[in-house]
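Working notes for the structure below.
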Amino acid sequence: MTELATIHPEPNIIPRSGHGISRANISPNALKVLYRLNNAGYAAYLVGGGVRDLSLGREPKDFDVATDARPEEVKRLFRNCRLIGRRFRLAHVYFGCEIIEVATFRALHEADGEAGDNARVLQDGRLLSDNVFGSIDEDARRRDFTVNALYYRIGDFTLVDYVGGMADLQHGVLRLIGDAEVRYREDPVRMLRAARFAVKLGFRMHAETAGPIPRMAHLLSHIPAARLFEEVLKLFLTGMGLQVFECLRHYGLFGCLFPDTEEVLAQDELGSALTFLSRALANTDGRIAEGKPVTPAFLFAALLWPPISRRLANLGQNTAEPIQVIHETAGEVLERQLRTVTIPKRFSIPMREIWSLQPRFERRTGKRALRLLSHPRFRAAYDFMLLRAEAGEAEAELAHWWKELQLSAVAQRVEMTGSRRRSGRRRHRRKRNDTA
């Protein structure tokens with residue numbers, strides 16, 4: 001029996017008393033959109049992650065609306081609306097900083113090729129265009145996971161379930177809708193989403209959802225590098241990066257995103273590279289949990305450091321210019337990395353600065369050490385060096401020294417670095433003789 005057996009011809013209608021969703025927990029702006037659509041005679045449903053999270057008692061990140069109104073009809077109802085998208089037309093209704101996304105029900109359409117502007121176009125199994133509108137039951141079958149295909153109907157406050165999503169929520173199962181191989185071939189990013197949702201929700205992947213991933217992971221090479229950059233941020237900057245990393249490696253997905261790093265991890269007999277990455281991701285997760293800022297530059301600096309560290313370790317003491325080695329290796333690693341995941345320059349430049357500052361921590365005497373304290377990237381580079389020390393890459397005593405230097409008064413800093421000014425002959429100005 002395949003996962004297609006979970007799709008039911010008639011929906012399971014769950015009354016208000018049978019679910020835990022309350023309008024008090026729904027964005028007032030989302031309610032405005034739902035009620036205006038409903039009052040205009042259109043079907044109006046809250047759908048997707050918002051319904052899933054509300055059903056689990058969690059606070060949703062955003063609220064999406066599904067309707068039978070066409071995008072142009074939605075735009076006529078809302079002056080604060082903009083239509084976006086080429087692959088599938090969507091309506092964005094703006095309320096200040098909050099955007100309520102409104103999508104018209106999508107249809108099941110299996111024919112390949114083009115059929116006008118409202119066509120579903122596939123190339124080598126990948127979905128390129130998807131502007132075919134349909135009914136709610138078709139829309140449910142088109143969504144990715146059963147737990148994301150629950151519809152909250154504003155008209156009577158019921159939940160509509162065509163695909164067994166409520167049962168999967170209750171049992172903690174992440175299940176792909178439809179044939180997994182077909183769905184992954186349509187959009188290989190669904191494999192990354194499966195890993196992310198499994199970790200985020202604490203669910204186990206259904207066997208037929210998880211099974212094809214290792215042998216289909218290579219399909220990610222067909223995805224534009226810029227799109228994978230956005231997916232990487234979703235994977236690692238949501239507070240569960242370490243668990244996501246472990247899940248990606250388990251299913252053979254991490255190496256498709258960061259091939260050079262995976263190569264080092266596969267040969268990491270002492271486990272130092274794995275320890276470093278685990279500490280770095282745990283550190284990032286901790287900062288997110290505490291509400292502290294995190295930057296993609298630091299994340300990518302950590303994810304791509306292992307191949308650079310290996311190059312430095314292989315050279316050992318045979319180089320007097322480790323900064324030059326880092327520059328050269330960084331260029332090579334980054335060139336290869338950009339073939340899979342784009343890293344915008346606003347992040348790659350500070351990332352490389354974090355790397356290039358690492359050898360400077362070894363220089364603890366003279367004014368150079370004091371100047372390093374005032375470098376714009378000092379704090380990020382220092383935190384990076386601490387992680388290297390925790391992983392055994394840098395001396396613990398070195399990390400302790402730099403910590404003490406930062407906590408010291410100016411006079412003590414001068415003493416620690418031996419950068420006291422040399423005493424020279426004081427020049428005396430000759431007094432002017434005002435006598436005649």
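The values are calculated or read from the model by the stated rules, or taken from the named source; none is laboratory data. Keep in mind that what you see is a predicted model, and the values were worked out from it rather than measured. Positions of Cβ are generated from backbone atoms using ideal geometry, with glycine treated the same way; all protein chains shown enter the neighbour counts.
A compact table of results
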{"quantity": "Lone qualifier among ALA302, ALA289 - being within 18 Å of the chain's Cα centre (by Cα) and surrounded by 20 or more Cβ atoms within 10 Å (Cβ to Cβ)", "calculated": "ALA302"}
{"quantity": "Filtered residue count, segment 271-290, keeping only those that are in contact (Cβ under 8 Å) with a residue 12 or more places away in the chain, aliphatic (A, V, I, L, M) and closer than 16 Å to ALA389 by Cα", "calculated": "5"}
{"quantity": "Those residues of segment 16-42 which are in a loop (DSSP other than H, G, I, E, B) and either out of contact with any Gly (no Cβ under 8 Å at 6 or more places or on another chain) or of a type in the set (S, T, N, Q) (or both), in sequence order", "calculated": "HIS19, ILE21, SER22, SER27, ALA40, GLY41, TYR42"}
{"quantity": "Matching residues in segment 229-239 - criterion: being touching a helix residue (DSSP H, G or I) at 6+ places or on another chain (Cβ under 8 Å), of a type outside the set (Val, Ile, Thr) and surrounded by fewer than 20 Cβ atoms within 10 Å (Cβ to Cβ)", "calculated": "GLU231, LEU233, LYS234, LEU237, GLY239"}
{"quantity": "Selection count, segment 35-68, where residues are hydroxyl-bearing (Ser, Thr, Tyr) and more than 19 Å from ALA149 (Cβ to Cβ)", "calculated": "2"}
{"quantity": "Pairs with Cβ under 8 Å, 6+ apart, first in segment 391-418 and within 19 Å of SER309 (Cβ to Cβ), second β-branched (Val, Ile, Thr)", "calculated": "ALA391/THR275; GLY392/THR275"}
{"quantity": "Unmet criterion (only one of (1) of a type outside the set (Phe, Trp, Tyr); (2) assigned to a helix (DSSP H, G or I); (3) crowded, with 19+ Cβ neighbours inside 10 Å) for ALA167", "calculated": "(3)"}
{"quantity": "Number of positions in segment 357-372 that are of a type in the set (D, E, K, R) and either surrounded by 18 or more Cβ atoms within 10 Å (Cβ to Cβ) or touching a strand residue (DSSP E or B) at 6+ places or on another chain (Cβ under 7 Å) (or both)", "calculated": "1"}
{"quantity": "Test for ASP62: is it touching a helix residue (DSSP H, G or I) at 6+ places or on another chain (Cβ under 9 Å), among the acidic types (Asp, Glu) and farther than 24 Å from LEU169 by Cα", "calculated": "no"}
{"quantity": "Residue check, ALA396 surrounded by fewer than 16 Cβ atoms within 10 Å (Cβ to Cβ), under 33 Å from the mean Cα position of the chain (by Cα) and not basic (Lys, Arg)", "calculated": "yes"}
{"quantity": "Residue in segment 200-212 that is in contact (Cβ under 8 Å) with a residue 24 or more places away in the chain, closer than 16 Å to ASN12 by Cβ and not basic (Lys, Arg) present", "calculated": "no"}
{"quantity": "Condition met for THR342 (β-branched (Val, Ile, Thr), assigned to a helix (DSSP H, G or I) and out of contact with any Asp or Glu (no Cβ under 7 Å at 6 or more places or on another chain))", "calculated": "no"}
{"quantity": "Check on THR6, loosely packed, with under 15 Cβ neighbours inside 10 Å and modelled with pLDDT under 95", "calculated": "no"}
{"quantity": "Members of segment 61-103 that are under 12 Å from ALA30 (Cβ atoms) and at pLDDT below 95", "calculated": "ASP62"}
{"quantity": "Long-range neighbours under 8 Å by Cβ, at least six apart or interchain, first residue under 16 Å from GLY155 (Cβ atoms) within segment 9-25, second at pLDDT 90 or above and exposed (fewer than 12 other Cβ atoms within 10 Å of the Cβ)", "calculated": "ARG16/ASP156"}
{"quantity": "Strands (runs of 3 or more DSSP E) wholly inside segment 43-102 containing at least 1 residues that are within 19 Å of GLU138 (Cβ to Cβ)", "calculated": "44-47, 64-67, 90-95"}
{"quantity": "Some residue of segment 194-205 being surrounded by fewer than 22 Cβ atoms within 10 Å (Cβ to Cβ), modelled with pLDDT of 95 or more and assigned to a loop (DSSP other than H, G, I, E, B)", "calculated": "yes"}
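Each row is one residue, and each column tells you yes or no for (1) outside the structural domain of ALA399 (by TED's automatic domain parsing); (2) of a type in the set (Phe, Trp, Tyr); (3) on the phi > 0 side of the Ramachandran plot.
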{"position": "LYS292", "(1), (2), (3)": "yes, no, no"}
{"position": "ALA313", "(1), (2), (3)": "yes, no, no"}
{"position": "GLU321", "(1), (2), (3)": "yes, no, no"}
{"position": "ILE326", "(1), (2), (3)": "yes, no, no"}
{"position": "VAL341", "(1), (2), (3)": "yes, no, no"}
{"position": "SER348", "(1), (2), (3)": "yes, no, no"}
{"position": "ARG352", "(1), (2), (3)": "yes, no, no"}
{"position": "PHE384", "(1), (2), (3)": "no, yes, no"}
{"position": "LEU387", "(1), (2), (3)": "no, no, no"}
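Conditions tested, residue by residue: (1) under 22 Å from LEU237 (Cα atoms); (2) of a type in the set (A, V, I, L, M); (3) touching a His at 6+ places or on another chain (Cβ under 9 Å).
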site	(1), (2), (3)
LEU270	no, yes, no
ASP285	yes, no, no
PRO293	yes, no, no
ARG311	no, no, no
GLU328	no, no, no
TRP355	yes, no, yes
